Amino acid sequence: MNKSPFIYSYDNKRYHTLNYHNRQVFGEKVFKAVLNCGFTCPNIDGSKGIGGCIFCGDGSGYFTHNGLSVEEQLKKETDRISASHGNVPIIAYFQANTNTYAPTERLRELYDIVLKNERVKGISIATRADCLSDETLDLLSELSHKTRLTVELGMQTVHEKTISLINRCCSHEEFLEGYHRLKQRNIAICLHIINSLPFETEEMMIETARQTAVLKPDSVKLQMLHIIRDTPIAEMYDQGRFQLLSRDEYINIIVRQLELLPPETVIERLTGDGDKRTLIAPLWTTNKIAVLGGIDSRLASLNTWQGRLFPSASI
């Protein structure tokens, strides 16, 4: 019996979990195989900027098998997943840096390689909204007819002052242009939002969620800012120039953001997995179970759920 008032749930969750979505689509749990194809970014190689986003360490490819071919990485990931979960479906996750930032034929070659693996039932591609040429969009549209495709866009925030501060080198207007071009081709999109970016207030973070809700993305990833060693933001943090959210503050903001998001939008993440070897702060994020449990408890205590304040929510 479903104990939650939220309809997109098998259990007590009051938000649209990725597990629920995958079981609806694939009939069982699905796991991501993380890949690093050696891409760079336009705000790293100098075409739009240098240094990358100030919070980014190793292109966000923390758990990839660097230095190996795509085939070798996929094999290692498949073996890792199989050891714990058996012969389950796999999503090939092009994770590190900007995974559409290359000539179209190179992209086609890489995407085709993973699709040859019979375990791969879908592809997830992390990229930037300003790295979607017409040719790349044509390729992604073609790919979406071959497999379950999701394009993940790093939005982080809707506030231009923060966008400039974090050195994203892609305005919110540019982001929206890329988002809508993907939508016009019926390509599924996952948006990344980061809470506790420097100098953002709680209301600024809530406004990011409010504007995200208007876009009605297929899925979102919500996460806390991680301070990673040897990044520009780590220097800012060490100098005491800004403060990070506490766990309770973060949980409160996540609950408020969930209330605003469309109930149909899949919540792929509510807290991130930082590399413990390089994570400086906040250390409370390493206790993922406590964070997720706190969110569940807060939703239940307030008797609220994802989409409760969304205009078209019909729950």
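Quick notes
- Any hit, the stretch 252-272, residues being without any contact (Cβ under 8 Å) to a residue 24 or more places away in the chain and surrounded by fewer than 19 Cβ atoms within 10 Å (Cβ to Cβ): no
- The set of residues in the stretch 104-129 being farther than 16 Å from Ser69 by Cβ, surrounded by 21 or more Cβ atoms within 10 Å (Cβ to Cβ) and in contact (Cβ under 8 Å) with a residue 60 or more places away in the chain consists of Gly122, Ser124, Ala126, Arg128.
- Meets criteria (touching a Phe, Trp or Tyr at 6+ places or on another chain (Cβ under 6 Å) and either within 22 Å of Met155 (Cα to Cα) or surrounded by fewer than 21 Cβ atoms within 10 Å (Cβ to Cβ) (or both)) for Met205: no
- Of the criteria (1) free of Cβ contacts under 8 Å to residues at least 60 places away in the same chain; (2) within 30 Å of Gln257 (Cα to Cα); (3) buried (at least 20 other Cβ atoms within 10 Å of the Cβ), which one Ser144 fails: (3)
- Candidate set from the stretch 178-195 (those that are touching a Ser or Thr at 6+ places or on another chain (Cβ under 6 Å) and assigned to a loop (DSSP other than H, G, I, E, B)); member that is surrounded by the most Cβ atoms within 10 Å (Cβ to Cβ): Ile187
- Of all residues in the stretch 62-103, those satisfying the criterion of being surrounded by fewer than 16 Cβ atoms within 10 Å (Cβ to Cβ) and under 26 Å from Lys48 (Cβ atoms) are Asn66, Pro103.
- Condition check for Ile91: among the aliphatic types (A, V, I, L, M), in a strand (DSSP E or B), in contact (Cβ under 8 Å) with a residue 40 or more places away in the chain and touching a Lys or Arg at 6+ places or on another chain (Cβ under 8 Å): yes
- Within the stretch 34-63, residues that are more than 30 Å from Pro89 (Cα to Cα) sit with their Cβ atoms under 6 Å from residues that are at pLDDT 90 or above and not in a loop (DSSP other than H, G, I, E, B), at 6+ positions apart or across chains, in these pairs: Ile54/Pro232; Ile54/Ile233; Phe55/Ile233.
- Per-region count, the stretch 207-248, residues under 23 Å from Arg269 (Cα atoms), among the charged types (D, E, K, R) and not in a loop (DSSP other than H, G, I, E, B): 5
- Given (1) at pLDDT below 90; (2) crowded, with 17+ Cβ neighbours inside 10 Å; (3) not hydrophobic (A, V, I, L, M, F, W, C), number of the condition Gly51 does not satisfy: (2)
The values are calculated or read from the model by the stated rules, or taken from the named source; none is laboratory data. Quick caveat: nothing in here was measured; it's all calculated off a predicted structure. No Cβ is skipped: glycine too gets one built from the backbone with ideal geometry, and neighbour counts run over all protein chains shown.
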